[in-house]
Amino acid sequence: HAPSIHAKVKSYHGEKAIASPGVKFVLKTERKMPHASTEAVAVLADSYWAALKGKRLLDIEWESTAADEMSTEKYFNQLKEAGKSPGFEYKESLTGDVNKAFASANKVIEASYQTPFLAHAPMEPENATVYVQDGKVEVWAPVQGPDSLVTELATYLGFKKENVKINVTFLGGAFGRKAYYDYVLEAAHLSKQINAPVKVVWTREDDTQQGPFRPGMLSVMRGALDAQGKVQAFEHRLNGASILNQVFQVPLGNAPDPWAEEGINLPDSPYTFPNRRNSFSLVTTKIPILWWRSVYASTNLFGQESFIDELAHQAKKDPLAFRLELLAGSPRFVGVLKKLAELSNYQQLKAQGKAVGIAIARSFSSICAHAIVVEKQGNGVVIKKVYSVIDCGVAINPRNIKAQVQSNITMGLTASIKNEITVVNGQTQQSNFHDYAVLRQGEIPEIEVFVMPSAEAPGGVGEPGLPPVAPALCNAVFLATGKRVRTLPFDISNV
């Protein structure tokens, strides 16, 4: 693959590679993405190591396309410009008269929260074995949606769906990435050329640099308080790229992205604000984007649950009590928060002067809340413990639920204090775990998870534990240091 994300092969010379032991073919291939098609050069050999050695002997001249349109710095500047005014309103979440409420408010608070592009970084990079022959194709690959792959592969090859067979292997990690089938189509393209089964293996560098990524987003928040510290108006302006628009080619026109409100719509966020408005402004990008674990909830809730704490501080109220008051009409939310207070000994820790940040979120039909305890250390803080309560309805497998929540917390902390994908002139600046780090074993704090007993319909558990992590951590950082973190990732050792 090219150093830049979007590129064509201008010329290539594979003589040295084909002379390397084990190398059978050097072929031009294509990377078909939903919004673009780029080119690559493949080395086919009788082993991975032989192919990798052959790859290093290639002489390729690339012709970049759209490189000047792909810069994360430029993209975030566009988000900030878009966030200066409301976007297209989510009518189903609109309550009261927001403009009138802000105009007559005793106090208006504003803040913006920025989340970066992120790679999925699964332990096993993308790979697929495909055999195309006689109008039929068989696949052996770690994919998240074999049903949608049947349709996509049949369309790509011009075959009937009944002539596509998918054998699903274990995922080796995915988090959304392996529901994007560019790597499978590459293997099919190559297999068709040589009339033999081909296994495509992406390197870690390709996985990190080529995308697709979680889209960077900007949440612009406004809140209005009356003289008694009650919230009179609440506004959440979402600004960023649309997965629905880029990946599924759905034109949004003069409407918000219906998927992008995840986690902050009224069913997910039943805070009783008398006047409320959510809106979305589309900022397009050629940087490939896709779902990333918990999708938009991971970005939206950082803004919302951090800002709820800011409002509580301005109202001179305890953040837990503030939430309980706003959620009084939602018994499942109240139950989770009260259990979290009990589990963490919240009041006792507060009385001892401990910094305990909390956040609650509903996504994928489950409610999860975290209390994160941090202590000041040098110029930064250290995470001492994470308490978590999840209400996912009927608990089918409690051990698995706890494992998923622990995994979500680890990934959420990683996204908060470690990672960021930056793109300059079309080229991703990170490439492997040395410059796109993940939380290591010794860095993971103690985690205690409680699964709420429930007779409600079962919800998801693979993703709901992630959205409250970043806001709970940053709310704790504020209590420990007096500083608000509004842009992720941040250096926890130097806040």
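The values are calculated or read from the model by the stated rules, or taken from the named source; none is laboratory data. Values in this document were obtained by computation on a predicted structure and should not be read as measured data. All Cβ positions, glycine included, derive from the backbone under ideal geometry; neighbour counts span all protein chains shown. Only protein heavy atoms, including side chains, enter the accessible area calculation; ligands, DNA and RNA are left aside. Shrake-Rupley method; radii C 1.70, N 1.55, O 1.52, S 1.80 Å.
Could you tally the net charge around SER431, taking each other residue with its Cβ under 10 Å from the Cβ of SER431, Lys/Arg +1 and Asp/Glu -1?
Once positives and negatives cancel, what remains is -3.
Can you give the accessible area of THR272, probe radius 1.4 Å, in Å² rounded to 10?
80 Å²
Would you kindly find the accessible area of LYS91, with a 1.4 Å probe and non-protein molecules such as ligands, DNA and RNA excluded, rounding to the nearest 10 Å²?
Accessible area of LYS91: about 140 Å².
May I ask you to rank TRP259, TRP291 by accessible area, largest first, using a 1.4 Å probe over the protein chains only?
TRP259, TRP291
Counting pairwise Cα distances across the chain, what percent come out greater than 45 angstrom?
17 percent
Return a whole-number percent for the relative contact order of the stretch 119-203, with Cα pairs under 8 Å and 6 or more residues apart as the contact set.
After rounding, I find 44 percent.
With point charges of +1 on the Cβ of Lys and Arg and -1 on the Cβ of Asp and Glu, referenced to the Cα centre of the stretch 105-251, which listed residue (LEU149, PHE234, TYR183) lies farthest in the positive direction of the dipole?
PHE234
With each label point set 7 Å from Cα along the Cα-Cβ vector, what nm distance links THR155 and ALA321?
5.5 nm
Can you give the Rg to Rh ratio for the stretch 239-384, taking only C-alpha atoms and Rh from Kirkwood?
Rg/Rh for the stretch 239-384 comes to 1.03.
In nm, to one decimal, how far is the modelled label at LYS80 from the one at VAL201, with both set 7 Å along Cα→Cβ?
Roughly 4.4 nm, to one decimal.
To the nearest 0.05, what FRET efficiency results for TYR48 and GLU73 with a Förster distance of 35 Å applied to their C-beta separation?
0.45
Keeping every protein chain present and rolling a 1.4 Å probe, give me the accessible area per residue for the chain in Å².
That works out to 41 Å² for each residue.
How much net charge surrounds GLU186 when only the other residues with a Cβ under 15 Å from the Cβ of GLU186 are counted, with Lys and Arg +1 and Asp and Glu -1?
Net of charged neighbours comes to +1.
Run the accessible area of the chain with a 1.4 Å probe and give the carbon-and-sulfur part as a rounded percent.
50 percent
Do you know the relative contact order of the stretch 1-103, to the nearest whole percent, from alpha carbon pairs under 8 angstrom that are 6+ apart?
Value for the stretch 1-103: 30 percent.
Treating only the Cβ atoms of Lys and Arg (+1) and Asp and Glu (-1) as charged, compute the dipole magnitude of the stretch 340-387 about its Cα centre; round to the nearest 20 debye.
Here the stretch 340-387 has a charge dipole of around 80 debye.
Would you mind working out the magnitude of the charge dipole of the chain relative to its Cα centre, with +1 at each Lys and Arg C-beta and -1 at each Asp and Glu C-beta, to the nearest 20 Debye?
It works out to roughly 680 debye.
Provide the FRET efficiency to the nearest 0.05 for the LYS376-GLN249 pair, computing r from the beta carbons and using R0 = 45 Å.
In this case the efficiency is close to 0.35.
Which shape class applies to the stretch 159-203: rounded if a/c is under 1.5, otherwise prolate when a/b exceeds b/c and oblate if not, where a ≥ b ≥ c are the square roots of the Cα gyration tensor eigenvalues?
Oblate, since a/c reaches 1.5 and b/c is not below a/b.
Just how much of LEU157 is accessible, in Å², when a 1.4 Å probe is used and the result is rounded to the nearest 10?
Ignoring ligands and nucleic acids, LEU157 comes out at about 20 Å².
Let me check against my output: what whole-number percent is the relative contact order of the stretch 261-383, with C-alpha pairs under 8 Å and at least 6 apart?
So the answer I get is 24 percent.
Could you give me D for the stretch 374-479, from Stokes-Einstein at 25 °C and 0.890 mPa s, where the hydrodynamic radius is the Kirkwood radius over C-alpha pairs? Units µm² s⁻¹, please.
Stokes-Einstein gives a translational diffusion coefficient of 158 µm²/s.
Can you compute the helix-only [θ] at 222 nm over the chain? Use -39500 (n - 2.57) per DSSP H run of at least 4 residues, normalise by all residues, nearest 500 deg cm²/dmol.
-8500 deg cm²/dmol
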